[in-house]
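Report on one structure; see the data block that follows.
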Amino acid sequence: MPEIATVCPYCGCGCGLYLHVRDGRLIGVSPSRSHPVSQGRLCVKGWHAHEVVDNPNRLTHPLVRREGNLVVASWEEAAEVVANGLSKVLESEGPQAIGVLGSARCTNEDNYVLVRFARGTLRTPNIDCSARVQCVPGPAPTSGGPSLGAGAEEIADLDSADLILLVGSDPTEEHPAVAARVYRARQRGARVVAAAARAHPLARLADVHLPVRPGSEVRWLGSLLHLLLAEQGFAADADMPGLSELRASVAGLRPEDTEAATNVPAEALREVARLYLSSKQVVILYSTGLALSTVAGPALQALGSLAALSSRGGGPEVSVLGLLSRNNLQGCRDMGVAPDSLPGYVPLNDDAAVARFEQAWKCEVAREKGLRAWEMLGRVRAMYVVGDDVTRSLPDADAARRALEALDFLVVQDIFMSPAASMADVVLPAAAFAEREGTWTNLERRVQGIRKAVAPPGEAREDWRIVADVSRAMGKPLPYESAKQIFEEIADLASIYAGIAYPPAAVNGGIRWPTPEGRKAGETVAGSGEAEVTALSAEALKGPGARAETNEEYPLLLAADPTLRPWDGEVTVCHTLTSAGEFAVVARDYPDGMLCLNPEDAKRFGVRGGRPARVVSPKGESQMQVRVTEEAPEGIALVPYNQAMHSGLMEISTDPETGRPVLAPTPILVGPVQ
Amino acid sequence: MTARMLPGNKIDEFAVRLMRSAEVVAPRRVGEEDVFYGAIASPDEIAWDYGTAVEPLKRFLLPQREPILRFSTNGRIRVGAEYDEQQRVFLGVRCCDVTGVAVLDAMYGGDTVDPYYMSRRERSTFIALTCQQPEPHCFCVCGDAGPFLEGGYDQQWTALPEGMLVEIGSAAGEALVRDNEDLFAEAEVDQVAARYRLAREAEQKFGEFKSYIAGAMRKLSMNEVAPAVWEQAADRCMECGGCTYLCPTCSCFTVTDRMAGQDGVRERHWDACLYSCYAREASGHNPRPEREDRLRARFFHKISHQWAVRNGRQACVGCGRCVLGCMGWAHTPAVSEGIRRGVMT
Ligand code: SF4
Ligand code: SF4
């Protein structure tokens, strides 16, 4: 019974685990004690990772739509149909009419080859990943180090922190391996502050819980900055660029004056400021709860300013950890699955760098800026989607579904028949994580090798191989034979991965980029990485809370909570036995959606737990099952993000900078169903 | 005590002979520093100096996932059960893990005999290796399961400078000596004395998790636990299932049928009483809807007097794996302490 050391395929933590194999089948999973992330632990998903692979529902053969039905085809036929379908759109509408989506689930090698296929073979600049909707635009803040387009610092920072700030993050749901470290830090005496509307378990255990009203994230952070700068005599470095502008922008944000808008009691905020100043090492964690909020960009700027002020002004040492949701969302970004860069964050207007890619790829590269995932829908005529259920990953899920239906040609590669795959013209079966080699990059930039333990079912094969086959059928073969060969090309062309030898063994926790060699090579790409502070805009300080005021007609605020049940309905979770059982409970108990209401609100609006309620917003009307829970704050109804996407109740606001769609807090009326 | 000496230079030969007639499962290093019990191909693989293995022996007696019968609806229904009939010797495994098997026996070999489990169990021989240096998470002294055992093994080995002192605890253990008489020497009186001295010394080396269980058992069995403790424990549990999966004595499973065309296989999988889907009935009713209900049920099974009587001993052996594997902070020592003090820290 050999144990194969590999990495968990679910969240961005990237836990090390062992797969047990017998007679060519996976029979179980064990945690790795020596792995720096898992340290002997796994969450429910990790413990059941083998069930995703050895699963009767796997896609095993290429499927091609004939007379309305998906029927089994050979790889040659399927590649031919895809090549023809794409070529037809290329001829009639040009490359701009094709959109390609990479995957935060797939390997770096898959995504890299896909980028080459999109920008080289198809010549379309429209390549993106829908999970990027939760990546906050702009470089994430770091405490001074080069940010290189990724802000993740180390999970291990939690082990020495004396203050941990959870900003819109509930790691018990989203990043269990990080939560495990927070629990341990708390046991050894570290202070915990949780800023989130929902009183999640760590918020209940926290020294201070700030029940931040959704939409007012920038405002409470502004108030904290004001407290530090103006009241608590925080010794900021007076020469710091941007300091006086920042000071001016938060002047007068006394916590007493922001209390009403943020729901954050002034005294609680003062306590946070005191804890902050008396700490030596602070770790700030944020995740989708902040990144999918309406003010994500400015809120992150505020966190960046906080960190920068400290690093320059003798305050506590601050690390900011952006917790990415998926196992390889970091790698997917690193590989240039983005409309505005090439692998390694190489800008499209860097002639010399682009020339290196063109030389290596022996073709011209589409250099225009392409469409983002959410912009593709409705604007392109054909899509090539790898490992992504678009009907679940974008805020306006129903619009996404309609857009997919309206396409002339849709190709989906996946391991299961996802809702998006069931709409496709061609469905291509991919090998799962335990059936192939390659690398993933976790949320702290750990590049880790995954290993093949068993053979793929039927004719399923690696995603990069499928893409290469299609490219060959289009007359442009891609010369790849192994994951190793692809990785070495990546390390050669994308300087951030320079110095990483393949395979970066998962048992040791892989290798974090940049290596010293990569850091040197990356300086040209990275920018200065100088700590800086920025003023908070009046607009962001006001927040959409100002627009989403409740009133007599709509007395409650409805907010989508991305940290609440984030794995419900996820395609790989749906198809495992135990995790599905575990995660489907909510779906089964709350088939019409779960509306979390504080007991007081439930009483006030005459609705009962477990019963459907009628929910009316200015945008629409729906029925949802009520869950009465103290986790919901008074006056705010919380719905899992995934359910909110389909509810038809939420306003969709657009980030002015990036056009990123976000579900905005919306006033509602709740009542019993008549 | 019946004891013999296996001189240091005969240990490998003994292991090789065992391998001729059985699969020998022993601690070995995997990956970087992880130790797993696993079938060895050579005695060189055995990590005699290990602390504890990542997992107990459960996987070998009750796999995380195993086919229990195959059927076909192809015209007529055919059914066939599958038993694992491999002979196994578990060599150099820890005392707490050997003791854990006794609790599994109470579950699977008691009132209702589970043929899949028993098929493996009857073909298993256990050679325990005593612990001279417990690890920080260990508390087998409170679990009455180590660091040295007084019984419950086929053989128990203690590493002495000149070789292994071999205590014989069963007829099967005795037979292994008899069949390899040429390898063994007599044990001297001071070698036996050394074993008792080492045991006493080892007991002094335990860490922070010592001795919370007895007090907790009293309160739990008398129904005197402050209700708030379970709520506080619930806030510290993420329902990962790790504590039950890593526990040498947790034994819950679920059964599913999986079809591929007309052929089906009925599989047994580990399940965990802490999962919200565990006790949920088909009607949708869940007798233990809240996490605190499930935690209470789990700890009642682990360390109540009532269940200790049923199992023949308390179900916690003190291996400390839940301490390492808990995603939150609701492992047995933490909750036991909470029960004793009426509040979780
Ligand atoms: S915490 Fe994340 S990486 Fe670790 S086991 Fe759970 S899902 Fe997998
Ligand atoms: S190991 Fe800890 S977190 Fe996991 S189920 Fe057990 S008590 Fe809960």
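For residue A:210, nonlocal amide neighbours, meaning residues 5 or more places apart or on other chains whose placed amide H falls under 5 Å from its own, are A:194, A:195, A:196.
Here the ratio of the Cα radius of gyration of region A:298-390 to 2.2 N^0.38 Å is 1.47. Whole-Hz Karplus values for region B:333-345 come out as x, 5, 6, 4, 5, x, 5, 4, 8, x, 7, 8, 7 Hz, taken residue by residue from phi with 6.51 cos²θ - 1.76 cosθ + 1.60 and θ = phi - 60°; glycine and proline positions read x. Fewest-first ordering of A:60, B:249 by other beta carbons within 10 Å of each residue's beta carbon gives A:60, B:249.
Helical runs (DSSP H, four residues minimum) scored at -39500 (n - 2.57) apiece and divided by the length of chain A put the mean residue ellipticity at 222 nm at -9000 deg cm²/dmol. Counting beta carbons within 10 Å around each of B:108, A:18 and listing the fewest first gives the order B:108, A:18. Each residue of chain B gets 162 Å³ once the volume of the Cα convex hull is shared out per residue. Phi angles of region B:22-29 translate, via the Karplus equation with coefficients 6.51, -1.76, 1.60 and θ = phi - 60°, into HN-Hα couplings of 8, 7, 9, 9, 9, x, 8, 7 Hz per residue; Gly and Pro are given as x. Comparing B:20, B:236, B:28 in a Gaussian network model of chain B, where Cα atoms under 10 Å apart are tied by springs, the biggest mean-square fluctuation is seen for B:20.
Between residue A:356 and residue A:455, the modelled label-to-label distance comes to 4.1 nm, taking each label 7 Å out from Cα in the direction of the beta carbon. Shape annotation for the protein assembly as shown: C-alpha extents along the principal axes are 85, 67, 65 Å, from largest to smallest. Straight-distance candidates among the aspartates and glutamates for linking to residue A:369, with alpha-carbon spacing under 20 Å and chain neighbours fewer than 8 residues away dropped: A:93, A:128, A:334, A:340, A:350, A:351, A:358, A:655, A:657.
A Cβ-based charge dipole, computed about the Cα centre of the protein assembly as shown with Lys and Arg at +1 and Asp and Glu at -1, lands at about 1320 debye. Close amide H partners of residue A:28, meaning residues 5 or more places away or on another chain with modelled amide H under 5 Å apart, are A:20.
Listed by chain and number, the lysines whose alpha-carbon sits under 22 Å from that of residue A:88, ignoring those within fewer than 8 places in the same chain, are A:476. A Cβ-based charge dipole, computed about the Cα centre of region B:213-341 with Lys and Arg at +1 and Asp and Glu at -1, lands at about 500 debye. Annotation: amide H-H contacts under 5 Å for residue A:438 (H modelled 1.01 Å from N, sequence separation of 5 or more, or interchain): A:450. Considering only B:85, B:239, B:292, the Gaussian network model of chain B with Cα springs below 10 Å gives its largest mean-square fluctuation to B:85.
What dipole magnitude, in Debye to the nearest 20, does region B:6-72 give about its Cα centre under +1 on Lys/Arg Cβ and -1 on Asp/Glu Cβ?
Charge dipole, region B:6-72, about its Cα centre: 420 debye, nearest 20.
Semi-axes of the equivalent ellipsoid of region A:3-53 are 18, 12, 8 Å, computed as sqrt(5λ) over the eigenvalues of the C-alpha gyration tensor in descending order. With both partners inside chain B, how many of the DSSP beta bridges are antiparallel, as a percent to the nearest 5? The answer is about 75 percent antiparallel. What the phi angles of region A:340-349 give under the Karplus curve with 6.51, -1.76 and 1.60, with θ = phi - 60°, is a coupling list of 10, 7, 9, x, x, 6, 6, x, 5, 9 Hz, glycine and proline written as x. Taking a Cβ cut-off of under 11 Å around residue B:133, the surrounding Lys, Arg, Asp and Glu residues balance to a net charge of -2, with basic ones at +1 and acidic ones at -1. Simple spin-label estimate for residue A:363 and residue A:501 gives 3.3 nm between the two label positions (7 Å along the Cα-to-Cβ direction from each Cα). Estimated from the Cβ-Cβ distance and a Förster radius of 60 angstrom, the FRET efficiency linking residue A:232 and residue B:78 is about 0.20.
For the protein assembly as shown, what proportion of DSSP beta bridges, expressed in % and rounded to the nearest 5, is antiparallel? Close to 60 percent. Each stretch of four or more DSSP H residues adds -39500 (n - 2.57); spread over every residue of chain B, this sum gives -9500 deg cm²/dmol at 222 nm.
No lab work stands behind these numbers, since they all come straight from the coordinates. Nothing here was measured: the structure is a model prediction, and the numbers come from that model. Heads up, the Cβs are rebuilt from the backbone with ideal geometry, glycines too, and the neighbour counts pull from every protein chain shown.
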